[in-house]
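**Student:** Mind looking over this structure? Questions follow.
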Amino acid sequence: MRGALLAGLACVLVGASFTANSVLGDYPHAGGQALRYGIAALLLLPLVARGAPAALRPLTGRQWGRLAALAAIGMVGFNLAVLAAERSAEPAVPGVLVGCAPIMVAVLIPLLNGRRPARPAVHGALLVAGGACVVQGWGRTDAAGLAWSVGALVGETGFAVLAAPVLRPLGPRLLSAVVCAVAAVESLVLALLLDGGGALRVPTRPEAAALLWQSVVVTVIGFVCWYMGMRRIGTERATLCSGLIPVSAALTAPLVGTGTFGAGQAAGSLLVGVGVAVGSGVLTQRRAARRAARRTVRNRPPVARG
């Protein structure tokens, strides 16, 4: 339960960041990502500085390559794909595709580990994806918007799949700090290539607030909570909570006047909750616990009466 709560909190914070993205529409995209991840890495540094050298020294070149791919695909690539998709598609389109990530992870992780996908995880993922579709609806798009939305789905899937093998040796805090530092460097290089001297500028007050929200709350707190939850309950179950991203986005959008929350969003949110419960095994665990309790009562020896 604690792992599910941690992963769920992380996804709620990410969903709220979609509302913050609306404030950063005019800020250089790659430069903004460099600021976001650079600030987050500096904030995480005091939490990991003491044990970082000993933990990082044994990493192989392959593991460093995985960390670079995690930052490039699951962080920088994901955010830039969402921003690019929203240029020609309504935000609901990438939201729906990202909501399908639990299905991808429920199938990919078992296959990569040489086992068959678990039926409860797949069924729960289908319910979560369906709930995300109901929450978001489906908006206007074109071929480019759809392609970038698929790229966002790949990024969200990679954020979970690529992190799984390096989570154990590094731990949640050090993994978050390392990938943020790598993502900051990757974003800065990309910003210089795309925007040159205009890669960075002084943000306005709303932009600064949005960047700080994404750096401190979404990245520092959200990433650490996400990886703590993933370590406790596994990648497949943790990714089910990503269905909460569109739910959180739908709940927070009315606060800034960019959306409404009605019956459709409520129904979709309920469907996401059912999917998380089915896929995480909470329902089957409770039934098994009740059956075990009944067997204990039946097998208990009678109490002698004097």
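**Student:** Tell me, yes or no, whether the range 211-231 has at least one residue that is out of contact with any helix residue (DSSP H, G or I) (no Cβ under 8 Å at 6 or more places or on another chain) and part of a helix (DSSP H, G or I).
**Tutor:** no
**Student:** On the given criteria, is R66 free of Cβ contacts under 8 Å to residues at least 24 places away in the same chain and open to solvent by 40 Å² or more (accessible area, probe 1.4 Å)? Give the steps one after another, and end with the answer.
**Tutor:** On the way: free of Cβ contacts under 8 Å to residues at least 24 places away in the same chain: no; open to solvent by 40 Å² or more (accessible area, probe 1.4 Å): yes.
No; evaluated as a whole, the condition is false for this residue.
**Student:** OK, next. Taking helices (runs of 4 or more DSSP H) that fall entirely within the range 108-199, which contain at least 1 residues that are more than 22 Å from A81 (Cβ to Cβ) and open to solvent by 60 Å² or more (accessible area, probe 1.4 Å)?
**Tutor:** So the answer is 119-136, 164-195.
**Student:** Still on this structure: For the range 23-46, enumerate the residues that are assigned to a helix (DSSP H, G or I) and surrounded by fewer than 16 Cβ atoms within 10 Å (Cβ to Cβ).
**Tutor:** Passing the criteria: L42, L45, P46.
**Student:** For the range 76-85, does any single residue satisfy the condition of being polar (S, T, N, Q), surrounded by 15 or more Cβ atoms within 10 Å (Cβ to Cβ) and within 19 Å of A183 (Cβ to Cβ)?
**Tutor:** The answer is yes; a qualifying residue exists.
**Student:** Would you check which residues across the range 87-107 are part of a helix (DSSP H, G or I) and within 18 Å of V247 (Cα to Cα) and list them? Please lay out each step first, then the result.
**Tutor:** First pass over the range 87-107, keeping only residues part of a helix (DSSP H, G or I): 87-88, 92-98, 101-107.
Within the range 87-107, A92, V93, P94, G95, V96, L97, V98, A101, P102, I103 qualify.
**Student:** Of all the residues that make up the range 170-213, how many are among the charged types (D, E, K, R) and more than 25 Å from R66 (Cβ to Cβ)?
**Tutor:** First pass over the range 170-213, keeping only residues among the charged types (D, E, K, R): 173, 186, 195, 201, 205, 207.
Narrowing the set further to residues that are more than 25 Å from R66 (Cβ to Cβ) leaves 195, 201, 205, 207.
Within the range 170-213, residues that are among the charged types (D, E, K, R) and more than 25 Å from R66 (Cβ to Cβ) number 4.
The values are calculated or read from the model by the stated rules, or taken from the named source; none is laboratory data. Everything numeric here is computed off the predicted structure, so don't read it as measured data. Reconstructed Cβ throughout: ideal geometry from the backbone, glycine too, with neighbour counts over all protein chains shown. Ligands, DNA and RNA are excluded from the accessible area calculation, which covers all protein heavy atoms including side chains. Shrake-Rupley method; radii C 1.70, N 1.55, O 1.52, S 1.80 Å.
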